[in-house]
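The values are calculated or read from the model by the stated rules, or taken from the named source; none is laboratory data. Owing to the predicted nature of the structure, the values given are computational and were not obtained by experimental measurement. Here the Cβ positions follow ideal geometry from the backbone for every residue, glycine too, while neighbour counts run over all protein chains shown. To get the accessible areas, we keep the full protein, side chains included, count just its heavy atoms, and leave off ligands, DNA and RNA. Shrake-Rupley method; radii C 1.70, N 1.55, O 1.52, S 1.80 Å.
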Amino acid sequence: MIAVDERGYYGEFGGAYIPEMLWPNVQELRENYLKFMAEPDFQREFQSLLRDFVGRPTPLYLAKRLSEHFGVTIYLKREDLCHTGAHKINNTVGQILMAKRLGKTRIIAETGAGQHGVATATVCALMGLECIVYMGEVDIERQAPNVARMKMLGAEVRPATSGSKTLKDATNEAIRDWINNPVDTHYIIGSVVGPHPYPDMVARFQSVISEEIKWQLEEHTGKDYPDAVIACVGGGSNAAGAFYHFLNDTRVRLIAVEAAGEGIHSGKSAATSVLGTKGVIHGSRTLLMQTADGQIVEPHSISAGLDYPGIGPLHAHLISSGRAEAICFFFFESLEAALFLSRQEGIIPALETAHALSALRVMKYNPTDVLVLCLSGRGDKDLNTYMKHL
Amino acid sequence: MWVAQQSQSVFGVPLGTQHGLFWIKNTHITSLKGLQKTLRYALSYPNFAPKGLLHPGFRWRTLKHSIMNRIEQLFQRKDKNVLNIYFTAGYPGLNDTEDIILSLEKAGVDLVEVGMPYSDPLADGPTIQESGTAALENGMTLQLLFEQLAAVRKKTEMPLIMMGYFNQVMQYGEKAFFEKVAEVGVDGLILPDLPLFEYENHYKDLAESLGLAVSFLITPQTEPERIRKIDDLTHGFIYIVSSSSITGAKSGITDTQLAYFNRINDMQLKNKRLIGFGISDHETFETACQYANGAIIGSAYIKALKNNPNVAECTAEFVTAILLDRH
Ligand SMILES: Cc1ncc(COP(=O)(O)O)c(C=O)c1O
């Protein structure tokens, strides 16, 4: 049975390794998140925002030409059609309702690709709350369109200038901001990472993805489960959402796809499941990329959303227990996959998602299998990168 | 000594009859070598030996614990105006550790906190993070730091504390780390991101058996019940975080903070208390000393070292300016 325990552990991974300064905030959240989520009022508000604001349910689309090409049945779960263009908003809608119930007036977030930053800025605009988004200096440059969107939505984008100036460092800065503002601020983490209860809370908000996959698949095929679910993993929130209702259904293979950057052992990679060892990052005991001396290694991926040296504790558990298979890809394979999907199916995927698509080329399956691939986001933000490499 | 205060039977016999403890206390044994000598002496001349020492209930670890901890000894000697200074090992120069510790001692500092530089120091502000990044670039590693500290320990009896993040401990191996810390003669540990719960369940017995004083932090938001728990688990001193912030964030002390210090004082905790975060000069040090047993200074000293990397000169000037007529 795969489930989180009371202390936030999935097997040996998880927990809350945080400085005392964060304790009251994290404790407040831990004591309240399940209670609030169970309230009918909360559920009503959450469901209606998902339907009317986000545009759920998102389609489960039978990708005919992709299926033909690979000789297997492939459904795409179209999270790219969510408002703001990625799955990230499922979580921010949930967390903004949580923040309101906790009486918070100021919202902070970290972002890599900018999708989570945009999704946070969007719900803050919707609720009229102040919004500050931390983003690595490098990412501000390579995801410029999303920076502009955040500004348009009224958020303040603060550059993180330490370390590799990417997602890890933006997360450090957001955590420091929370330490400095312990009373009025809620931190909307963008993935299934961080101290307990974040990984569990974010997974629950994203679990709407697999909830829909189940009934949509049943409508399409008569069976409410696929043979495999494929998703890319940065921190792992779209994967957690797509896996959630199949975690304990061993008929379903779970395939987590990571970014190998310029090659797993090139020194420029973000393949945590291969390169990672047990450690603590951002408050969670998990797998992460680090030196023998316990210094966190700066990751590298062309896709800002996968450029993270850790993975969520749920995924660390799924991978080390063998429940999930982990695959990683070079960035140029992902570029090819993005081009393929654009020209064969008329869908431009996000770079992060393109990594998941490349898994189709190497994974083993039977021709009669039904695969579901979580199309986590759309590629508008990545057009610059795509054009450079076309 | 906390063993004597806490458990009423250090050697398995009631405290009142433990001549041994008092005898040892009075002879000021502070090293393991000295202790071994004493024990050899006691075994050779049992009639002169303290009763407790040869009692069947004698526990070597407990004795070692009660004798070695220099932090406890410091607070027995001095419980006002205690000055604890933090520095990042490997900064400004890779091999400055010894110079810094000896200069701090010479200048009149009571306790030194040695920062293990870390790539992602969540609880620290830009000053300490930058010094850590520079130290790592200089080539500092835990192993080198342990070597440096073992060498320093031969030259000084200054109480030393290591401060770092739990991931560093995990990679070294938790048990190996705690043992190494004790072995090189370090007296205490501060691991800000090690949760109380994990410490209590996995590491407390180990730390206590090695005689390590592990300090925990409390903040203006920490609830009374949790403060009691922290007081229970702490040996050495409690670290009072002056405001809700990362290190080096604010300076000056407000009335709200004073009310918070008073609230803590009213709780009559068993441990001594040092105030840290935002203590940067003589004035803030003085104020902190009025409300606790002393104070901890970190970022301000790192800044001073950045401006004047001549360790001996910088340290003398810095500490003199903090203490003025206090010592
Ligand atoms: C479209 C898209 N997919 C995936 C990710 C990776 O995040 P996660 O692993 O949490 O789903 C991101 C992150 O920014 C993203 O924008």
Can you name the residue in segment A:1-54 that is within 22 Å of A:Phe243 (Cβ to Cβ), assigned to a loop (DSSP other than H, G, I, E, B) and not charged (D, E, K, R) and is also modelled with the lowest pLDDT among such residues?
A:Met1
Single residue of B:Leu217, B:Leu210 found to be more than 10 Å from chain A (Cβ to nearest Cβ) and of a type outside the set (Phe, Trp, Tyr)
B:Leu210
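Only one of these is more than 25 Å from B:Pro126 (Cβ to Cβ), more than 14 Å from chain B (Cβ to nearest Cβ) and open to solvent by 20 Å² or more (accessible area, probe 1.4 Å): A:Ala121, A:Ala148. Name it.
A:Ala148
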Name the pairs: first residue in segment A:334-356 and free of Cβ contacts under 8 Å to residues at least 60 places away in the same chain and open to solvent by 10 Å² or more (accessible area, probe 1.4 Å), second residue more than 12 Å from the ligand (Cβ to nearest atom) and assigned to a helix (DSSP H, G or I), Cβ to Cβ under 6 Å, at least 6 apart or on different chains?
A:Leu335/A:His389; A:Ala337/A:Ser358; A:Ile348/A:Ser342
Quick one: is A:Val183 at pLDDT below 95 and either farther than 24 Å from A:Thr111 by Cα or away from the ligand (no atom under 16 Å from the Cβ) (or both)?
yes
Test A:Pro59 against the stated conditions and say whether it is within 14 Å of chain B (Cβ to nearest Cβ) and open to solvent by 30 Å² or more (accessible area, probe 1.4 Å).
no
Reported set for segment B:200-224 where residues are of a type in the set (A, V, I, L, M, F, W, C) and either in contact with a strand residue (DSSP E or B) (Cβ under 7 Å, 6 or more places away or on another chain) or open to solvent by less than 20 Å² (accessible area, probe 1.4 Å) (or both) is B:Ala207, B:Leu210, B:Leu212, B:Ala213, B:Val214, B:Phe216, B:Leu217, B:Ile218
Selection status of B:Phe197, among the hydrophobic types (A, V, I, L, M, F, W, C) and crowded, with 19+ Cβ neighbours inside 10 Å:
no
If you check B:Leu102, B:Leu122, B:Leu83, which single one turns out to be away from chain A (no Cβ under 14 Å), of a type outside the set (Phe, Trp, Tyr) and open to solvent by 10 Å² or more (accessible area, probe 1.4 Å)?
B:Leu102
Screening B:Thr222, B:Thr247 for residues that are in contact with a Gly (Cβ under 6 Å, 6 or more places away or on another chain) and within 11 Å of another protein chain (Cβ to nearest Cβ) leaves only B:Thr247
Name the residues in segment A:160-180 that are at pLDDT below 95, under 19 Å from B:Tyr165 (Cα atoms) and within 14 Å of the ligand (Cβ to nearest atom), would you?
A:Lys168
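Would it be correct to say that A:Lys104 is within 16 Å of the ligand (Cβ to nearest atom) and either open to solvent by 40 Å² or more (accessible area, probe 1.4 Å) or away from chain B (no Cβ under 14 Å) (or both)?
For A:Lys104, the condition - within 16 Å of the ligand (Cβ to nearest atom) and either open to solvent by 40 Å² or more (accessible area, probe 1.4 Å) or away from chain B (no Cβ under 14 Å) (or both) - is not met.
Condition check ((1) outside any strand (DSSP E or B); (2) β-branched (Val, Ile, Thr)) across all residues:
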position: A:Thr92; (1), (2): yes, yes
position: A:Gly117; (1), (2): yes, no
position: A:Leu126; (1), (2): yes, no
position: A:Ile132; (1), (2): no, yes
position: A:Ser162; (1), (2): yes, no
position: A:Lys165; (1), (2): yes, no
position: A:Pro182; (1), (2): yes, no
position: A:His186; (1), (2): no, no
Which condition does A:Ile140 not pass, out of (1) away from the ligand (no atom under 15 Å from the Cβ); (2) free of Cβ contacts under 8 Å to residues at least 60 places away in the same chain, if it passes all the others?
(1)
Count - residues of segment A:67-85 that are touching a residue at least 24 places away in the same chain (Cβ under 8 Å), over 17 Å from A:Ile213 (Cβ atoms) and either part of a helix (DSSP H, G or I) or within 16 Å of the ligand (Cβ to nearest atom) (or both):
5
Among (1) more than 16 Å from the ligand (Cβ to nearest atom); (2) out of contact with any strand residue (DSSP E or B) (no Cβ under 7 Å at 6 or more places or on another chain); (3) at negative phi, A:Glu130 falls short only on (2)
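Can you say whether A:Val93 is more than 16 Å from the ligand (Cβ to nearest atom) and open to solvent by less than 10 Å² (accessible area, probe 1.4 Å), as far as the supplied structure shows? Please lay out each step first, then the result.
On the way: more than 16 Å from the ligand (Cβ to nearest atom): no; open to solvent by less than 10 Å² (accessible area, probe 1.4 Å): yes.
In short, no.
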The number of residues in segment B:160-191 that are surrounded by 19 or more Cβ atoms within 10 Å (Cβ to Cβ) and more than 14 Å from chain A (Cβ to nearest Cβ) is 10
Would segment A:185-192 turn up any residue that is away from chain B (no Cβ under 14 Å), under 30 Å from A:Pro59 (Cα atoms) and of a type outside the set (A, V, I, L, M)?
yes
What's the number of the condition A:Ala148 fails, among (1) outside any helix (DSSP H, G or I); (2) at pLDDT 95 or above; (3) over 19 Å from the mean Cα position of the chain (by Cα); (4) among the aliphatic types (A, V, I, L, M)?
(1)
In this structure, is B:Tyr239 within 14 Å of another protein chain (Cβ to nearest Cβ), part of a helix (DSSP H, G or I) and under 22 Å from B:Asp124 (Cα atoms)?
no
Residue tally, condition facing another protein chain (nearest Cβ under 8 Å) and open to solvent by less than 10 Å² (accessible area, probe 1.4 Å), over segment B:125-141
1
One residue from B:Lys250, B:Lys229 being modelled with pLDDT of 95 or more and open to solvent by 10 Å² or more (accessible area, probe 1.4 Å)
B:Lys229
